[in-house]
1. Largest first and in whole Å, give the semi-axes of segment 183-271's equivalent ellipsoid, each being the square root of 5 times a Cα gyration tensor eigenvalue.
2. Using only Cα atoms, locate the centre of segment 114-141 and the centre of segment 219-284, then give the distance between them in Å, rounded to an integer.
3. Sort largest first and round to whole Å: the equivalent ellipsoid semi-axes of segment 3-282, each the square root of five times a Cα gyration tensor eigenvalue.
4. Val199's amide H: which non-local residues (gap 5+, or another chain) put their own amide H closer than 5 Å, with H modeled 1.01 Å from N in plane and none for Pro or chain starts?
5. Arrange the peptides 238-246, 200-208 so that the one whose residues have, on average, the most other Cβ atoms within 10 Å appears first.
6. Extending each Cα 7 Å along its Cβ direction at Ala47 and Val185, get the distance between those two points in nm, one decimal.
7. Starting from the exponent 0.38 and prefactor 2.2 Å, build the expected Rg for segment 104-240 from its residue count and divide its actual Cα Rg by it.
8. Per the Kirkwood definition applied to all pairs of different Cα atoms, how many angstroms is the hydrodynamic radius of segment 1-58?
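None of the figures in this text is laboratory data; all of them are computed from the coordinates on show. All figures in this text were calculated on a predicted structure; none of them were measured in a lab. When we count neighbours, we look across all protein chains shown, and the Cβ atoms used for this are built from the backbone with ideal geometry, even at glycine.
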Amino acid sequence: MPVEENDKSIVLRLASGATAEIYLFGATVTSWKVEGKERLFVSSKSALDGSKAEIRGGIPICFPIFGPPPPSPPEYAALQQHGYVRSQNWSLEHIIMDREEGISIRLSAPPPPAEFNHEYSLKYVVTLSPHQLSTDLHVVNTGKEDFKFQALLHSYLAVKDSKKIVVKGLGNGTEWQDKTDGLKVKVWDGSDLRITKEVDAVFRKVPGQEIVVLEDDGGSITIRFRGFEDSTVWNPQEKSGKNMIDMEENGWDRYICVEPGYVREFKILAPGEEFLGQQILTVPH
Ligand code: TA6
């Protein structure tokens with residue numbers, strides 16, 4: 001069946017055989033398969049039942065904050081890194097279905113915790129098509145005051161060996177901040193990025209808004225983004241990965257995080273204003 005709803009997740013299946021699974025916990029996409037191959041990484045040590053603060057893998061949603069570089073406003077300082085929506089139980093609102101072309105589902109976030117005194121509408125549309133997965137985050141300021149936030153899709157992209165990939169498209173002259181080097185602002189020279197050690201980089205206003213992960217064996221995935229103008233590239237390697245309690249052994253060898261977002265500063269929406277951040281993941285066919 002094209003859309004299977006169960007108590008914790010929704011499974012989408014196309015006539016092409018492409019599938020996706022989205023957990024209502026955090027509206028986290030935990031699986032995306034094309035031609036039988038899993039394209040997302042989820043640590044086998046990750047809890048999927050909401051018993052832990054987040055799912056270690058898939059596409060966690062970071063909102064209303066991401067974390068450094070910019071310092072959080074004082075009223076956001078108490079929020080956990082990457083915000084709370086990835087730990088909330090979202091609800092399925094809408095299904096648009098065409099078994100051949102694609103299936104879209106729209107999920108709605110619950111209201112913020114009482115102590116977060118801002119009002120917003122937060123919707124997430126996930127669309128599965130034969131060789132693409134798109135994820136659109138829609139924010140509306142429904143309050144009477146300006147609303148500021150960061151938003152990012154923390155995609156864990158599955159690769160055979162993170163040391164045998166190149167990340168292309170980061171842009172010549174793009175400003176970036178190195179979270180492994182005191183958040184120093186540097187300028188990228190346009191070269192391809194290889195993972196030879198821990199990488200935790202925030203690229204600001206990536207010019208082409210299209211990044212390609214190429215594997216040495218010819219595999220690839222293209223990440224296009226709109227509204228989300230920035231992108232983090234992250235892989236902890238063993239140095240930091242071994243200290244993550246929900247990271248499977250050597251899990252860092254099997255993913256690269258390319259994370260489109262609006263994170264270089266806080267986006268400010270006036271009352272009634274809205275923001276749309278889009279990510280389109282494509283694999284060759
Ligand atoms: O996006 C990169 C990053 O911010 C890293 O600095 C690392 O903290 C990673 O996210 C994982 O964060 P999490 O809060 O999911 O453990």
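1. Working through the eigenvalues yields semi-axes of 25, 17, 14 Å.
2. The two parts, judged by their Cα centres, are 15 Å apart.
3. Whole-Å semi-axes of the equivalent ellipsoid: 26, 25, 18.
4. Amide H neighbours of Val199, under 5 Å, 5+ apart: Asn235, Gln237.
5. Per-residue Cβ counts within 10 Å, averaged per peptide and sorted highest first, yield 200-208, 238-246.
6. For Ala47 paired with Val185, the spin-label model returns 4.0 nm.
7. Numbers: Rg = 17.3 Å, N = 137, 2.2 N^0.38 = 14.3 Å.
That ratio works out to 1.21.
8. After inverting the mean inverse Cα-Cα distance, the result is 11.8 Å.
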